[in-house]
1. Among Ile61, Ile34, Ile72, which is the only one that is free of Cβ contacts under 8 Å to residues at least 60 places away in the same chain, aliphatic (A, V, I, L, M) and not in a helix (DSSP H, G or I)?
2. Only residues that are surrounded by 13 or more Cβ atoms within 10 Å (Cβ to Cβ) and either modelled with pLDDT of 80 or more or touching a His at 6+ places or on another chain (Cβ under 9 Å) (or both): list them for the range 40-55, please.
3. If I go through the range 40-50 residue by residue, how many of them are under 13 Å from Ile72 (Cα atoms) and out of contact with any helix residue (DSSP H, G or I) (no Cβ under 7 Å at 6 or more places or on another chain)?
4. If I ask for residues that are under 14 Å from Phe124 (Cβ atoms) and among the hydrophobic types (A, V, I, L, M, F, W, C), which ones from the range 84-103 would you list?
5. Taking the range 37-58, which residues are of a type in the set (D, E, K, R), over 12 Å from Cys12 (Cβ atoms) and part of a loop (DSSP other than H, G, I, E, B)?
Amino acid sequence: MTEITVSDGRVCIIKAAEITSVKEGLEAIKNALIDFTTSDRVQESSLDTFLFVDLSPFNIINSSLIGIFGSIIMDRKIQLLGLCGIQPSVEDILRRFGVITEDGRGKDFASDKIKENLSKVIVFDSIEDGLICLNPA
């Protein structure tokens with residue numbers, strides 16, 4: 001079974017500690033994202049949330065995880081979705097589905113609401129690089 005670590009608080013890190021299979025790992029990441037973003041703690045808080053997801057163990061992702069990313073992009077409580085450690089094959093998939101773009105603008109087929117919120121998604125080489133961006137001095 002895949003072990004997922006979810007940190008608590010205004011800055012959340014979701015990271016797979018142990019991966020037994022890619023399929024189980026992706027499912028565990030997806031479930032952790034759903035559980036965290038829909039929790040009362042996040043939705044009833046007056047604070048914005050900065051979410052970092054470690055994708056480094058995966059060389060492929062599935063459409064259900066991409067769908068969750070779309071929901072997170074639209075969530076008014078999430079101010080930043082940091083995708084960390086993505087491998088080139090995953091980056092290509094995310095670009096094809098319009099989750100990340102070369103120029104930071106949404107694809108033509110994306111709804112206006114998604115285009116307006118794509119600036120929330122930032123790719124980082126590692127979780128550490130993402131956390132550094134929160135304190136840029």
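1. Criteria check complete, one pass: Ile61.
2. Across the range 40-55, the qualifying residues are Thr49, Phe50, Leu51, Phe52, Val53, Asp54, Leu55.
3. 3
4. Selection gives Cys84, Ile86, Val90, Leu94, Ile100.
5. Matches in the range 37-58: Glu44 only.
Yes or no, residue by residue, for (1) over 14 Å from the mean Cα position of the chain (by Cα); (2) over 24 Å from Glu128 (Cβ atoms):
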| position | (1), (2) |
| --- | --- |
| Glu18 | yes, no |
| Ile66 | no, yes |
| Met74 | no, yes |
| Gly85 | no, no |
| Gly98 | no, yes |
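The values are calculated or read from the model by the stated rules, or taken from the named source; none is laboratory data. This is a predicted model, so every value here is computed, not measured. Virtual Cβ from ideal backbone geometry, glycine too; neighbours counted across all protein chains shown.
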